[in-house]
1. Based on the Cα coordinates of segment 97-159, what is the per residue volume of their convex hull in Å³?
2. Name the most mobile residue of GLN30, GLN46, GLN201, meaning the one with the largest mean-square fluctuation, in a Gaussian network model of the chain with Cα contacts below 10 Å.
3. Could you identify which residue out of PRO260, PRO136, PRO62 has the top mean-square fluctuation in a GNM of the chain using Cα springs shorter than 10 Å?
4. So what is the 222 nm mean residue ellipticity for the chain from helices alone, if each DSSP H run of at least 4 adds -39500 (n - 2.57) and you divide by all residues, rounding to the nearest 500 deg cm²/dmol?
5. Calculated FRET efficiency, HIS34 and THR239, Cβ-Cβ r, R0 51 Å, to nearest 0.05?
6. Express the relative contact order of the chain as a whole percentage, based on alpha carbon pairs under 8 Å and six or more residues apart in sequence.
7. Applying a 10 Å radius around every beta-carbon, put 84-93, 215-224, 17-26 in order of their mean neighbour count, most first.
8. Over segment 9-123, what relative contact order in percent results from Cα pairs under 8 Å that are six or more residues apart?
Amino acid sequence: MANGFAGWRKVHIEHGIRLVPPAPAEGVIQIRHHLRLRPVREIVEQIVETKLGGEAMALVAPPRKLTTVEGEYGARFDVAGPGIVRSIGLVYGDDAMTIIDGRAFGDSYTTLVDSLTIGLDLGLGTDRWRRFWYEPPAGWEGLERVRADVWLAPGFPKPDAMITVFHARPESKTALVQHYKLFEELTSEYGVRRSEPRPVQTRSGLEGHVVEFAGESRCATQALLGDGVYLYPLRLESTAALHADIFMRVIESVEALPLPKQQLGGVTHWSE
């Protein structure tokens, strides 16, 4: 029995479960898996706009970023209205997310939702390619590609500039040669002229190097960071070296992926 859930009933619902407290407590905690990935901002707006019992809801405090014991990204926030507190936990996987939604009339379920969110078990493992945290270039349009995020400069294709943030991959594994050839290798238009690698360091302490390539009509700058566990590749492609400062700000914002903190405890089976 998970701590704090003695006497609770577990009811299976679509994509998850509902936890119902023993009487006379009023409320419910729902855990829903395999949901479409959405930004935290969008989820907050939707939940604030959803009235419970006809009452308007308000955000108690800005969402806070967290990582689970497995090392996955997540977030927590609470919204409240007259006589009700709704505690929300989010956990992001690679292609789907889990939402933990605690609705309490009277006492809040903040502590229980914290425990469920941090202890949630997605079982994806650490030996995989993963998205990582960085600050996107302001005003650039984002697109999703195969194991990468692509950012197009304002007014693209004039200027013809893009930044690609490839997914991190474990250092202990050799990158798939076919994937590299198809999606990551620079094409011949960048020529063979390249600079010597120069060191670079992010604000969070990640270290790596940057190499510049110059072709007849296009330039490219490649950055590779590492923390001893994962490699973090990024690239700027442009017709001229006009966006180097923007690219450097993206590089400097990169943060290492979180790693598992501990063995999962007694709350795991409540999410099944």
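Computed from the coordinates by the stated procedures, all read-outs in this text should not be read as laboratory data. Keep in mind that what you see is a predicted model, and the values were worked out from it rather than measured. Note that each Cβ is placed from the backbone with ideal geometry, even for glycine, and that neighbours are counted across all protein chains shown.
1. Dividing the Cα hull volume of segment 97-159 by its residue count gives 154 Å³.
2. Maximum among the listed residues: GLN46.
3. The residue that fluctuates most here is PRO62.
4. -3000 deg cm²/dmol
5. 0.75
6. Numbers: 562 pairs, mean separation 45.5, N = 272.
That works out to 17 percent.
7. Going by the mean number of other Cβ atoms within 10 Å, highest first, we get 84-93, 215-224, 17-26.
8. Relative contact order for segment 9-123 comes out at 23 percent.
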